[in-house]
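Structure first, then comments.
The values are calculated or read from the model by the stated rules, or taken from the named source; none is laboratory data. In this text, all values refer to a predicted model and were calculated from it rather than measured experimentally. Here the Cβ is made from the backbone with ideal geometry for all residues, glycine too, and neighbour counts use every protein chain on show. We work out accessible area using only protein heavy atoms, side chains counted, and drop any ligands, DNA or RNA first. Shrake-Rupley method; radii C 1.70, N 1.55, O 1.52, S 1.80 Å.
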Amino acid sequence: MDVAPGFRVGTWIVSPGQMSISRGQETVHLEPKVMDVLVKLASRPGEVVTRDEFMTEVWRGRVVTDESLSRCVSLLRLALGDSQRSPEFVQTVPKVGYRLVAPTGPIEQAEARPVAAEAQSPAEGETGMVVGAVVETERGRRTGPFGLGAGFLTGIAALAAVLWALGVFRESAPDYSGSSGLAARGPSLAVLPLVNVGGDTGDDYFSDGLTEELINSFSRVEGLAVVARTSAFAYKKRTEDIREIGRRLGARHVLDGSVRRSGQALRINVQLIDAETGTQVWAEQYAGHLDDVFVLQAQITRSIVDVISPRLTPATAPALARAMEPTANTTAFELVLRGRHQLRRRNAESLERAIGLFRRAIDAEPDYGSAYLDLAKAIALQPFYTAVPATAAFAEARGLIEDGVRANPSVESEAQGLLAFLSFQGWDWVAAENGFRRALLAAPNDPELHQWYSQLLASLGHLDQSLAHARRARELDALSPVANDRLAVACLWVDQDEAARQQFAVAEELGFSSDANPGVRILLMLRSGENDAAASALEARQRMAGRGAGWVRPFIQGLSDPASRAAAIDALNDSVVAGDLGARYRFGASVLLGDADGAMDLAFPMISEPGAFALEFLFSREAASFRRHPRFPELVHAIGLDEHWRSYGWPSACSPSGSTFRCI
């Protein structure tokens, strides 16, 4: 069967030329790679198509991870309304590939969708809404790219879709650099950790979890800036005056209080304080049963909003109230709170405990969408703290997100950030860009999203935009060690070295380990002429890894004395042979020494493992000669950065030149 003109799969009509599938009044537009995967499967119906065959024929040998294929299959299943567990269209053949199990066949000429019709506006009564890779109509409403079921699209996501279709979000990132704090942006609030006064310290997970739920609830209120959890929880055992806390957090108002739990009975005391004067603005006591926790949470949120930001209209209040009640099953809710308590500890053991608790929550309430997302996040974090392979973990996390959105479509917008992070880790640049933009539209005050997006932008060479989002993350979460470290790195890439030095110091004061990100600190030492300190730091790293450091001093000498560079390169080569120098440090050292040919020879093998390749460094001032290498465009193309640049704009270091591009 010739699939190029179009074909039928199950009840769907597939139109490869229009990148769409249709059924009755429904039309779903697919991303090009998703369509390519479907076409490849349909060309051999009932047969297994291996992962290697997909890589060769769909990606044409470009270096990508298995995560890219897994993502395309996930999007294809969602578009078709398929299930991984009980497949009717695409079946997974473990460790081999995929098989199209639905019946296929040619389509009649009358069924084919004319090209002209595709270019027209939706028919009257079929308002089209673009959500990522999908167009849906008001008549046969279908899923978005990461959701299933009717009515999943929230008002925010619908607005995002329309603006995306109009190209509004193809502009550069907003400028977040002009504000000195949250208070400068309008009404602002810090929710301090509720004090557990029940006498059982084992209930801290409940008081902390309820505080976090309140923070999340307030964050949904348009126009209200809310201090992030990390910064607020820095004052859990507070002794400072409320006015000083408000000043440090940049918040005009502070919510303070306590929670007492006795069996199933709850009592919550809260007070709202003007952080400028230290005076109490509002106070209330709430009592009820554990089953009433979401009602009490909604009452607190609406009361506070009425006082400091009376912008919550009667029309939007019910939607906010529904968002506050993620499940009616309080047993599942408690399990999720306990899981999040473990998740925040960020180590192998706590992640394993968190995963177990989230799975129990899902068993207790299979429709608990947020529990699926929490479980997905825990599993996605495992490769950073354990020996769990990243490809397998990310694929499982993506599947759990699909399951969660399918179970409860209201969490679709919440899932976008994690999906974007997974795409970023798999070097799926366009999907990551789209995902972060949608996620930030739905949650513009999420510091973690701004931090992740800053990393993505720096990896793409958009250094000024990266700095803007790093500043926004730091503004939203002033006491976060990670946000402060990210801002330091972003400052380094735009050559604000003194600002970077100050931010690194702040991050370390807040508890960020310099061992967690040593390369950028060593680079700053070298920029500052602190060669001895840089050499000592490198030697310490080598000793920690149980490796020899004979290459370090010749390398440092080669940086300061051009006549010594050949000897430095020889020392590096000898250390590689001896097993004392890994590829990542060898690559960085070659770039710094100006050995662009040697660095390029190392780069191509390294990109087969995205996590081991520091893309941000490629756009530093130290890598200018490497960017001018004749093979740099080839490297960029293999990584896939140029596909993003052609869609979203070129970084300042690179520009198109005929059919290719050049960088400086």
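Could you check the stretch 93-109 and list, in sequence order, the residues that are part of a strand (DSSP E or B) and either surrounded by 15 or more Cβ atoms within 10 Å (Cβ to Cβ) or touching a residue at least 60 places away in the same chain (Cβ under 8 Å) (or both)? If you could, list the steps in order and put the result at the bottom.
Keep residues of the stretch 93-109 that are part of a strand (DSSP E or B), which gives 93, 97-100, 104-105.
Across the stretch 93-109, the qualifying residues are G97, Y98, R99, L100, T104, G105.
Is it the case that some residue within the stretch 507-515 is in a helix (DSSP H, G or I), open to solvent by 20 Å² or more (accessible area, probe 1.4 Å) and hydrophobic (A, V, I, L, M, F, W, C)? Show your work before the answer.
So the first thing to find is which residues in the stretch 507-515 are in a helix (DSSP H, G or I), and the list is 507-509, 514-515.
Checking the rest, the ones that are also open to solvent by 20 Å² or more (accessible area, probe 1.4 Å) come to 508-509, 514-515.
So of that shortlist, the ones also hydrophobic (A, V, I, L, M, F, W, C) come out as none.
Taking every residue of the stretch 507-515 in turn, none turns out to be in a helix (DSSP H, G or I), open to solvent by 20 Å² or more (accessible area, probe 1.4 Å) and hydrophobic (A, V, I, L, M, F, W, C).
Go through (1) exposed (fewer than 15 other Cβ atoms within 10 Å of the Cβ); (2) in a loop (DSSP other than H, G, I, E, B) for S647 and report which single condition fails.
Only one criterion is unmet by S647, namely (2).
Each row is one residue, and each column tells you yes or no for (1) closer than 20 Å to E31 by Cβ; (2) modelled with pLDDT of 95 or more; (3) in a helix (DSSP H, G or I); (4) of a type in the set (S, T, Y).
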position: W427; (1), (2), (3), (4): yes, no, no, no
position: A431; (1), (2), (3), (4): yes, no, yes, no
position: N434; (1), (2), (3), (4): yes, no, yes, no
position: A439; (1), (2), (3), (4): yes, no, yes, no
position: L467; (1), (2), (3), (4): no, yes, yes, no
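Taking the stretch 70-83 only, how many residues are within 21 Å of M55 (Cα to Cα) and assigned to a loop (DSSP other than H, G, I, E, B)?
First, pick out the residues of the stretch 70-83 that are within 21 Å of M55 (Cα to Cα): 70-77.
From the residues that got through so far, the ones that are assigned to a loop (DSSP other than H, G, I, E, B) too are none.
Final tally of qualifying residues: 0.
Would you mention how many residues in the stretch 650-661 are open to solvent by 60 Å² or more (accessible area, probe 1.4 Å) and within 19 Å of L457 (Cα to Cα)?
Residues flagged as open to solvent by 60 Å² or more (accessible area, probe 1.4 Å) and within 19 Å of L457 (Cα to Cα) within the stretch 650-661 amount to 3.
Can you name the residue in the stretch 259-280 that is open to solvent by 20 Å² or more (accessible area, probe 1.4 Å) and touching a helix residue (DSSP H, G or I) at 6+ places or on another chain (Cβ under 6 Å) and, of all such residues, is farthest from V295 (Cα to Cα)?
Here the residue is G278.
Suppose the filter is more than 30 Å from A234 (Cα to Cα) and among the basic types (K, R); does R584 pass it? Working first, answer last.
On the way: more than 30 Å from A234 (Cα to Cα): yes; among the basic types (K, R): yes.
Judged against the criteria, R584 is a match.
If you scan the stretch 205-238, which residues turn out to be among the charged types (D, E, K, R) and without any contact (Cβ under 8 Å) to a residue 12 or more places away in the chain? Break it down into steps so the answer makes sense when it comes.
Narrowing the stretch 205-238 to residues among the charged types (D, E, K, R): 208, 212-213, 220, 222, 229, 236-238.
Within the stretch 205-238, K237 is the sole residue that qualifies.
Determine which member of the set D241, D256, D306, D291 is exposed (fewer than 15 other Cβ atoms within 10 Å of the Cβ) and either of a type in the set (F, W, Y) or closer than 21 Å to N196 by Cβ (or both).
Numbers: D241 fails: either of a type in the set (F, W, Y) or closer than 21 Å to N196 by Cβ (or both); D256 fails: exposed (fewer than 15 other Cβ atoms within 10 Å of the Cβ); D306 fails: either of a type in the set (F, W, Y) or closer than 21 Å to N196 by Cβ (or both).
One residue alone meets the criteria, D291.
Would you point out which residue out of G461, G417 is in a loop (DSSP other than H, G, I, E, B) and either of a type in the set (V, I, T) or surrounded by 22 or more Cβ atoms within 10 Å (Cβ to Cβ) (or both)? Step through it out loud before you land on a result.
Values: G417 fails: in a loop (DSSP other than H, G, I, E, B).
G461 is the lone residue from the list that is in a loop (DSSP other than H, G, I, E, B) and either of a type in the set (V, I, T) or surrounded by 22 or more Cβ atoms within 10 Å (Cβ to Cβ) (or both).
Please give the number of the condition R627 fails out of (1) open to solvent by 10 Å² or more (accessible area, probe 1.4 Å); (2) modelled with pLDDT under 95.
Checking R627 against (1) open to solvent by 10 Å² or more (accessible area, probe 1.4 Å); (2) modelled with pLDDT under 95, the one that fails is (2).
So, in the stretch 326-336, of the ones that are surrounded by fewer than 21 Cβ atoms within 10 Å (Cβ to Cβ) and not in a loop (DSSP other than H, G, I, E, B), which residue ends up modelled with the lowest pLDDT?
Just the residues of the stretch 326-336 that are surrounded by fewer than 21 Cβ atoms within 10 Å (Cβ to Cβ), to begin with: 327-331, 334.
Subset that is not in a loop (DSSP other than H, G, I, E, B): 330-331, 334.
Values: T330: 82, T331: 88, E334: 87.
Within the stretch 326-336, the match that is modelled with the lowest pLDDT is T330.
Identify, by number, the condition in (1) assigned to a loop (DSSP other than H, G, I, E, B); (2) of a type outside the set (D, E); (3) modelled with pLDDT of 70 or more; (4) under 15 Å from I21 (Cβ atoms) that R142 doesn't meet.
Of everything listed in (1) assigned to a loop (DSSP other than H, G, I, E, B); (2) of a type outside the set (D, E); (3) modelled with pLDDT of 70 or more; (4) under 15 Å from I21 (Cβ atoms), R142 misses just condition (3).
With E433, E396 as the choices, which residue is open to solvent by less than 10 Å² (accessible area, probe 1.4 Å), of a type in the set (D, E, K, R), in contact (Cβ under 8 Å) with a residue 12 or more places away in the chain and farther than 22 Å from F333 by Cα?
On the way: E396 fails: open to solvent by less than 10 Å² (accessible area, probe 1.4 Å).
From the options E433, E396, the qualifying one is E433.
Checking the structure you have, find out if any residue of the stretch 592-611 is more than 30 Å from S423 (Cβ to Cβ) and among the polar types (S, T, N, Q).
No, the stretch 592-611 contains no residue that is more than 30 Å from S423 (Cβ to Cβ) and among the polar types (S, T, N, Q).
Any idea which residue in the stretch 488-529 is farthest from F617 (Cα to Cα), counting only those that are of a type in the set (S, T, Y) and under 26 Å from the mean Cα position of the chain (by Cα)?
Initial filter on the stretch 488-529 (of a type in the set (S, T, Y)): 513-514, 528.
Now drop any that are not under 26 Å from the mean Cα position of the chain (by Cα), which leaves 513-514.
Working: S513: 20, S514: 18 Å.
Checking each candidate, the answer is S513.
Considering only residues of the stretch 197-208 that are surrounded by fewer than 22 Cβ atoms within 10 Å (Cβ to Cβ) and touching a helix residue (DSSP H, G or I) at 6+ places or on another chain (Cβ under 7 Å), which is modelled with the lowest pLDDT?
So in the stretch 197-208, the residues surrounded by fewer than 22 Cβ atoms within 10 Å (Cβ to Cβ) come out as 197-205, 208.
In the following step, the residues that additionally are touching a helix residue (DSSP H, G or I) at 6+ places or on another chain (Cβ under 7 Å) were identified as 205, 208.
Values: Y205: 84, D208: 88.
Per the criteria, the residue is Y205.
Restricting attention to the stretch 216-238, report how many residues are closer than 11 Å to V254 by Cβ and surrounded by 19 or more Cβ atoms within 10 Å (Cβ to Cβ). Step through it out loud before you land on a result.
Here is the first cut: in the stretch 216-238, the ones closer than 11 Å to V254 by Cβ are 227, 232, 235, 238.
Imposing the further condition that a residue be surrounded by 19 or more Cβ atoms within 10 Å (Cβ to Cβ) reduces the set to 227, 232, 235.
Final tally of qualifying residues: 3.
Suppose we filter the stretch 42-69 for residues that are at pLDDT 80 or above and part of a loop (DSSP other than H, G, I, E, B); how many remain?
Counting residues in the stretch 42-69 that are at pLDDT 80 or above and part of a loop (DSSP other than H, G, I, E, B) gives 6.
Residue-wise test of (1) more than 28 Å from M55 (Cα to Cα); (2) among the hydrophobic types (A, V, I, L, M, F, W, C); (3) in contact with a Ser or Thr (Cβ under 7 Å, 6 or more places away or on another chain); (4) open to solvent by 10 Å² or more (accessible area, probe 1.4 Å).
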| residue | (1), (2), (3), (4) |
| --- | --- |
| N573 | yes, no, no, yes |
| D580 | yes, no, no, yes |
| A583 | no, yes, no, yes |
| L593 | yes, yes, no, no |
| M600 | no, yes, no, no |
| E622 | yes, no, no, yes |
| R631 | no, no, no, yes |
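Within the stretch 519-530, how many residues turn out to be buried (at least 16 other Cβ atoms within 10 Å of the Cβ) and out of contact with any Phe, Trp or Tyr (no Cβ under 9 Å at 6 or more places or on another chain)?
Qualifying residue count, the stretch 519-530: 4.
Which numbered condition trips up F512, out of (1) modelled with pLDDT under 90; (2) out of contact with any helix residue (DSSP H, G or I) (no Cβ under 6 Å at 6 or more places or on another chain)?
(2)
Out of (1) of a type in the set (G, A, S); (2) open to solvent by 20 Å² or more (accessible area, probe 1.4 Å); (3) under 17 Å from F333 (Cα atoms); (4) free of Cβ contacts under 8 Å to residues at least 60 places away in the same chain, the odd one out for G369 is which?
G369 satisfies every listed condition except (2).
As an exercise: evaluate D485 against (1) surrounded by fewer than 21 Cβ atoms within 10 Å (Cβ to Cβ); (2) among the acidic types (D, E); (3) under 18 Å from H450 (Cα atoms) and give the number of the one condition it does not meet.
The one condition D485 does not meet is (1).
If E616 satisfies all but one of (1) of a type in the set (D, E, K, R); (2) open to solvent by 50 Å² or more (accessible area, probe 1.4 Å); (3) within 22 Å of the chain's Cα centre (by Cα), what's the number of the condition it fails?
The number of the failed condition is (2).
Is it the case that F384 is on the phi < 0 side of the Ramachandran plot and either surrounded by fewer than 24 Cβ atoms within 10 Å (Cβ to Cβ) or of a type in the set (K, R) (or both)? Working first, answer last.
Numbers: on the phi < 0 side of the Ramachandran plot: yes; either surrounded by fewer than 24 Cβ atoms within 10 Å (Cβ to Cβ) or of a type in the set (K, R) (or both): yes.
So F384 fits the description; yes.
For the stretch 492-501, which positions are outside any loop (DSSP other than H, G, I, E, B) and either surrounded by fewer than 15 Cβ atoms within 10 Å (Cβ to Cβ) or of a type in the set (V, I, T) (or both)?
Residues of the stretch 492-501 outside any loop (DSSP other than H, G, I, E, B): 492-493, 497-501.
D497, E498 - these are the residues of the stretch 492-501 that are outside any loop (DSSP other than H, G, I, E, B) and either surrounded by fewer than 15 Cβ atoms within 10 Å (Cβ to Cβ) or of a type in the set (V, I, T) (or both).
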